[in-house]
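Following: one structure in structure tokens, then a few remarks.
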Amino acid sequence: HAKELGRGRFSFFDFSINEKNQRLIKVKQALRSAIESSEYRLVYQPKVNPHQCVLTGYEALLRWNSQELGMVSPDEFIPIAEESGEIEKITDWVIRRVAMDKQYSAHLRHANIAINISAKQFKSDSWVNTLRIMHDSSELDVASITVEITETALIDSFEVTLEQLLTVRGLGATIAIDDFGTGYSSLSYLKKMPIDYVKIDRSFVQDIGIDPDDQAIVQTVIAMSHALDIKVVAEGAESAEQIDFLKSKQCDEIQGYYYSKPIELADLDSFILQL
Ligand code: C2E
Ligand code: MG
Ligand code: MG
Ligand code: MG
């Protein structure tokens, strides 16, 4: 009896955890058929050089409209796909879709496109092989691809990390460290690894004009990166004030709602960026 009572109380108090688990199981299940049911698409968010007022490229961002669950945010399903291993197939799909979308859209064809590689799969061969195969068959000009990886991808096993980066760079790709400032790694990799860009995380950019500490961080990251011959992109700029600050600190490129939200493929060719 006591056990039964205890169990009853447990499930009552942990209702939200239970709910979360059920959602997790549903998402994991639904992910398995997402590719064959054509539930994914890519949207493209512009990046801008604010000094010359030119578009410098786009970041490809995954969207999942699940038949069963409706729209699910990548912030929710990417971590689940990383756990289940589904991420390998997803990244493969993303790379192939970028190549197809470049065929479809004149706007994208010659543009640099950034794709996101999960830290969890960074050391695996599959995404590198996909890039190599597409490069060798001329299906994709890898010189027009930027690979965005987070700091956590860099922390263990220096040799493997370096080898991966050198391989994709050898195919012509540009390397960017995404969400910079939110991870745990030491700064020494910035000088040891072949890195072209640092992308300052949105959490620092959004409080420019509000929090002097964040301004100091942004300014310092830009100065340090430039000293190491690394370019800087700021993500998540939404106000003119943020743009002015970033420009005055010589930030090389900016991505954010101030310029544009991510754009649907079908709208890209008629889209005119106001600069
Ligand atoms: P991320 O790579 O840091 O991408 C930037 C995120 O910030 C995107 O959210 C973008 O829509 C959002 N963003 C850009 N500018 C602004 C702004 O001015 N204000 C605000 N509030 N948000 C802004 P999204 O598309 O929801 O993606 C979230 C995260 O999911 C990405 O963060 C990335 O970590 C992951 N993700 C998205 N697509 C992929 C993918 O194809 N593969 C992998 N592995 N991860 C992906
Ligand atoms: Mg990114
Ligand atoms: Mg980012
Ligand atoms: Mg981010």
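The values are calculated or read from the model by the stated rules, or taken from the named source; none is laboratory data. In this text, all values refer to a predicted model and were calculated from it rather than measured experimentally. Cβ: placed from backbone, ideal geometry, glycine included. Neighbour counts: every protein chain shown.
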Review point. Do you know which residues across the range 176-195 are within 14 Å of ligand 1 (Cβ to nearest atom) and either modelled with pLDDT of 95 or more or surrounded by 16 or more Cβ atoms within 10 Å (Cβ to Cβ) (or both)?
Key: Ala176, Ile177, Asp178, Asp179, Phe180, Gly181, Gly183
Practice item. Evaluate the range 151-166: report whether one residue or more is at pLDDT below 95, among the β-branched types (Val, Ile, Thr), out of contact with any His (no Cβ under 7 Å at 6 or more places or on another chain) and within 16 Å of ligand 4 (Cβ to nearest atom). Key: yes
Revision key, fill the gap. Wholly inside the range 32-142, helices (runs of 4 or more DSSP H) that include 1 or more residues that are under 22 Å from Arg202 (Cβ atoms) are 74-84, 87-104
**Study point:** Any chance Ile254 is closer than 17 Å to Thr56 by Cβ, away from ligand 4 (no atom under 16 Å from the Cβ), of a type outside the set (Asp, Glu) and outside any helix (DSSP H, G or I)
**Key:** no
Revision key, fill the gap. Picked from the range 57-86 (must be surrounded by fewer than 18 Cβ atoms within 10 Å (Cβ to Cβ) and polar (S, T, N, Q)), the residue nearest to Asp252 (Cα to Cα) is Ser73
Exercise for review: Filter the range 96-116 for residues that are more than 18 Å from Pro262 (Cβ to Cβ), in contact with a helix residue (DSSP H, G or I) (Cβ under 7 Å, 6 or more places away or on another chain) and within 15 Å of ligand 1 (Cβ to nearest atom) and give the result.
Suggested key: Ala99
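Quick one: which helices (runs of 4 or more DSSP H) sit completely within the range 147-234 and have at least 1 residues that are over 21 Å from the mean Cα position of the chain (by Cα) and free of Cβ contacts under 8 Å to residues at least 60 places away in the same chain? I'd like the intermediate steps shown before the answer.
On the way: elements: 158-170, 188-192, 202-205, 212-227.
Once the helices (runs of 4 or more DSSP H) in the range 147-234 are filtered for at least 1 residues that are over 21 Å from the mean Cα position of the chain (by Cα) and free of Cβ contacts under 8 Å to residues at least 60 places away in the same chain, what remains is 158-170, 188-192, 212-227.
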